[in-house]
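Everything below concerns the one structure shown next.
The values are calculated or read from the model by the stated rules, or taken from the named source; none is laboratory data. Remember, predicted model here, so these are calculated numbers, not experimental data. Cβ sites come from the backbone with ideal geometry, for glycine too, and all protein chains shown count toward neighbours.
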Amino acid sequence: MEQEVMTHLLEKLQERFTKKQLFENVPMSRYTTLHLGGPAQMLCEPATVEQLSHALASASELSVPVTILGNGSNMLVRDGGIRGLIIHLGDQFSEISDPVPLPDGRFALTAQSGATVQKLCNVAADNGLSGLEFAYGIPGTVGGAVCMNAGAYGGEMKDVVSVVTAMKPDGATVAYSNDELSMGYRQTYFTNEGAGEIITSVTVLLTPNDEETIRATMREFSARRREKQPLTVPSCGSTFKRPVGQFAGTLIDQCGLKGFRVGGASVSTMHAGFLVNDENGTAADYLALIGAVQGRVHELTGVMLEPEVRIVGEEAAVEQV
Ligand SMILES: Cc1cc2nc3c(=O)[nH]c(=O)nc-3n(C[C@H](O)[C@H](O)[C@H](O)COP(=O)(O)OP(=O)(O)OC[C@H]3O[C@@H](n4cnc5c(N)ncnc54)[C@H](O)[C@@H]3O)c2cc1C
């Protein structure tokens, strides 16, 4: 966006945000688990629904595009960076309620969308509530996990989500029940027609169980991740969606692509479904690697792999504020 517009936006945001919540020209490598990508023109970190609503209204008034960011664990930002305003929902927006008992014996927990999945899993376990074990180890926020319908080890967010509250681009708040969210494999209302709406809180329904049993399952899933996944190198988890009836990692491995490299990015030698940024690659390296893997797998197996990672931002550098 033009500098004049962004300066105006900054002035408006400064009316409600502190200096510690507002950033200009921030490298997105700091905000994504892939550790790459160009700068965001402006980034704010709301701590309240009022601040979030002010940020949305200010951006809308000036026709500044808005991008929503959680923990950046499923985001690939192009090298040109992100034009406009990024709203980052993280630690400052991460309260979790006490469990509320329901007549059917279950308990409801409500989390603000910036809470990490890990934090919500721990609160559930601390209270002897079962249902989120599958999610232990998914490195996202609750908002990102609902948006993507994150899942693992036979479970997905769809199984536990009851109600989601969201803010529309015009600032209106709205509540959705599970069956209104079209939660499917790594897609939901929020990745489709509801893109642009911001998840503000999520209520999950959980069942009482013994805390040690819950913790044991979480520890087992954690150990399986450490054993099979390259958790110490920058990645976005599985780069591709699972093709129907197949596994992306197995197909990539069968095509002999483990270790295949483009610049600083490569196919993990530990798990071929993870494309990693192991040598300080650029987004261009990573995108070229995605393209090369797709091309080779398609040529040898006839399957066209579809990226799961959300690709955002500009190819050419955006104007700095
Ligand atoms: C090592 C590793 C392992 C992983 N394992 C798994 C796994 O087992 N299963 C799995 O499903 N995924 C996995 N992932 C991918 C990722 O963790 C999940 O997709 C996660 O749910 C993304 O959450 P996030 O907060 O990081 O979202 P981001 O990456 O910040 O954003 C992802 C998408 O959600 C949108 N979004 C984020 N917050 C909100 C909000 N509040 N309102 C509306 N939209 C929002 C963003 O705009 C974007 O489109 C893994 C990633 C890594 C790095």
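When you check Ser97 against the structure, is it within 11 Å of the ligand (Cβ to nearest atom) and in contact with a strand residue (DSSP E or B) (Cβ under 8 Å, 6 or more places away or on another chain), yes or no?
Criteria not met by Ser97.
Please work out if Gly81 is within 16 Å of the ligand (Cβ to nearest atom), touching an Asp or Glu at 6+ places or on another chain (Cβ under 9 Å) and in the same structural domain as His8 (by TED's automatic domain parsing).
When the stated conditions are applied, Gly81 passes them.
Mind listing just one residue for me: the one in region 76-85 that is part of a strand (DSSP E or B) and touching a helix residue (DSSP H, G or I) at 6+ places or on another chain (Cβ under 8 Å) and, of those, surrounded by the fewest Cβ atoms within 10 Å (Cβ to Cβ)?
Result: Gly84.
Consider Asp179 carefully, then state whether it is touching a residue at least 60 places away in the same chain (Cβ under 8 Å) and surrounded by fewer than 18 Cβ atoms within 10 Å (Cβ to Cβ). Walk me through how you get there before you give the answer.
Numbers: touching a residue at least 60 places away in the same chain (Cβ under 8 Å): no; surrounded by fewer than 18 Cβ atoms within 10 Å (Cβ to Cβ): yes.
Answer is no for this residue.
Among the residues of region 146-156, write down those that are out of contact with any Asp or Glu (no Cβ under 9 Å at 6 or more places or on another chain) and either within 6 Å of the ligand (Cβ to nearest atom) or more than 19 Å from Asp179 (Cβ to Cβ) (or both).
The answer is Cys147, Ala152, Gly154.
Hydrophobic (A, V, I, L, M, F, W, C), part of a loop (DSSP other than H, G, I, E, B), touching a residue at least 40 places away in the same chain (Cβ under 8 Å) and farther than 30 Å from Asp159 by Cα: which single residue out of Val64, Val5 fits that description?
None of the other options fit; the residue is Val64.
A quick yes/no check of all residues on (1) closer than 30 Å to Cys121 by Cα; (2) hydrophobic (A, V, I, L, M, F, W, C); (3) over 20 Å from the mean Cα position of the chain (by Cα); (4) in a loop (DSSP other than H, G, I, E, B):
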residue	(1), (2), (3), (4)
Ser222	yes, no, no, no
Val233	yes, yes, no, yes
Cys236	yes, yes, no, yes
Gln246	yes, no, yes, yes
Gly249	yes, no, yes, no
Gly281	no, no, yes, yes
